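Okay, so here's the structure we're looking at.
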Amino acid sequence: MDWLITGRVRGTFGLEGFIKIESCSGEYEHFLDLKEIKLRPPCKQTEEQRPEISFQVEECVIRSTDVLLKLWGINSPEAAKKLHGAEILVPRDMACPLDKGEFYITDLCNAILVYKGNSVGTIADVVEGGGGFLLEVSEAATGRTVYVPFRSQFIGKINIPAKQVELMHRWILE
């Protein structure tokens, strides 16, 4: 099953062990249907080394700027506090629904960046920059890392099934 990061634990609430969740998408309605989640604790290890812990969701309360989750087995503020900073992972089919033209970051990672039909690099990640999102690209010719603004003037067609993203201007990699 494909699991996606949909939020982060930002704190605790109350005396019963509720955790406050900040949604990555800014949307919260999809949290209401969750029955199970995985938490990936924050640490300095690589993503592959970080353990994922499964939890059953007992209760979900949507508020104006966050969501409160009560997880089975987390029954005190002290236990909830240990989860602070953890990433929330949910099954792909339970993640926030996408609108036309939207993509999950994980679907762009490892996609091939093409210019006029030729591969010019591989997208390693999508990072947030001061003016918006940037594609972190490992350039094919040199292997160096280049950041390409994820904007329509630089990025053309995106073909998720083929794992290809079109680059509009080659000079941006120079």
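The values are calculated or read from the model by the stated rules, or taken from the named source; none is laboratory data. This one's a predicted model, so the numbers in the text were calculated from it and none came from an experiment. Note that we place each Cβ from the backbone using ideal geometry, even for glycine, and neighbour counts take in every protein chain shown. Surface areas here come from the heavy atoms of the whole protein model, side chains and all, with no ligands, DNA or RNA. Shrake-Rupley method; radii C 1.70, N 1.55, O 1.52, S 1.80 Å.
Just the residues that are assigned to a loop (DSSP other than H, G, I, E, B), in contact with a strand residue (DSSP E or B) (Cβ under 8 Å, 6 or more places away or on another chain) and within 28 Å of Thr106 (Cβ to Cβ), please, taken from region 13-29.
Cys24, Ser25, Tyr28, listed by residue number.
Condition check ((1) in contact with a Phe, Trp or Tyr (Cβ under 7 Å, 6 or more places away or on another chain); (2) within 30 Å of Ala124 (Cβ to Cβ); (3) open to solvent by 70 Å² or more (accessible area, probe 1.4 Å)) across all residues:
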| position | (1), (2), (3) |
| --- | --- |
| Trp3 | no, yes, no |
| Cys24 | no, yes, yes |
| Glu29 | no, no, yes |
| Leu32 | no, no, yes |
| Ser54 | no, yes, no |
| Arg63 | no, no, yes |
| Lys70 | yes, no, no |
| Ala80 | yes, no, no |
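Is it the case that some residue within region 160-171 is exposed (fewer than 15 other Cβ atoms within 10 Å of the Cβ), polar (S, T, N, Q) and part of a strand (DSSP E or B)?
no
Which ones in region 142-158 are open to solvent by less than 70 Å² (accessible area, probe 1.4 Å) and either in contact (Cβ under 8 Å) with a residue 24 or more places away in the chain or not small (Gly, Ala, Ser) (or both)?
Selection gives Val146, Val148, Pro149, Phe150, Phe154, Ile155, Ile158.
Here are some conditions: (1) within 18 Å of the chain's Cα centre (by Cα); (2) buried (at least 16 other Cβ atoms within 10 Å of the Cβ); (3) under 17 Å from Arg10 (Cα atoms); (4) not hydroxyl-bearing (Ser, Thr, Tyr). Leu134 meets all but one. Which one does it not meet?
Result: Leu134 fails condition (3) only.
For region 54-82, name all the residues that are farther than 11 Å from Ile37 by Cβ and in a loop (DSSP other than H, G, I, E, B).
Residues satisfying the conditions are Arg63, Ser64, Thr65, Asp66, Gly73, Ile74, Asn75, Ser76, Lys82.
Under the condition of being part of a helix (DSSP H, G or I) and among the aliphatic types (A, V, I, L, M), which residue from region 85-129 is most open to solvent (accessible area, probe 1.4 Å)?
Ile105
Residues in region 90-97: is at least one without any contact (Cβ under 8 Å) to a residue 40 or more places away in the chain and touching a Cys at 6+ places or on another chain (Cβ under 9 Å)?
The answer is no, given that none of the residues of region 90-97 is without any contact (Cβ under 8 Å) to a residue 40 or more places away in the chain and touching a Cys at 6+ places or on another chain (Cβ under 9 Å).
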